[in-house]
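The values are calculated or read from the model by the stated rules, or taken from the named source; none is laboratory data. Everything numeric in this text was worked out from a predicted model, so none of it was measured. Because the Cβ atoms are built from the backbone with ideal geometry, glycine has one as well, and the counts that use them run over all protein chains shown. With ligands, DNA and RNA removed, areas are computed over all heavy atoms of the protein, side chains included. Shrake-Rupley method; radii C 1.70, N 1.55, O 1.52, S 1.80 Å.
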Amino acid sequence: MTTWIQAALACSIVAAALVIRTALGEIRRPGTARQQWRFLSNRTAVVAGAVSAAALGSALVCGTSDPRHSVWALLGGTLTAFIVDRLTDRTRDGRE
């Protein structure tokens, strides 16, 4: 059984890996960090991520009342927003 601290640590490691990936990409090609994090300004992606986080959080909380699930729900919502932004960008460019 994992605790809230273990779940937060695991999510922090995933988030740190994403930030390091962004930093290395920025070093190689300046301007790529802005492209990777633009999903935060895409309204469709943010709404999809929020809905995903809410749905995942409520589904996980129904089983138990442990707060560690909220950390995983936030990470899942963030990754969902990132993917939706990539898909809407691909559709906009006609690469679908």
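Summary of computed values
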item	result
Filtered residue count, the stretch 57-96, keeping only those that are farther than 25 Å from residue 19 by Cα and modelled with pLDDT of 70 or more	3
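So that you can scan it fast, the table gives a plain yes or no per residue for (1) open to solvent by 30 Å² or more (accessible area, probe 1.4 Å); (2) without any contact (Cβ under 8 Å) to a residue 40 or more places away in the chain:
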| site | (1), (2) |
| --- | --- |
| 3 | yes, no |
| 6 | yes, no |
| 9 | yes, yes |
| 13 | yes, yes |
| 19 | yes, yes |
| 29 | yes, yes |
| 37 | yes, yes |
| 44 | yes, no |
| 57 | no, yes |
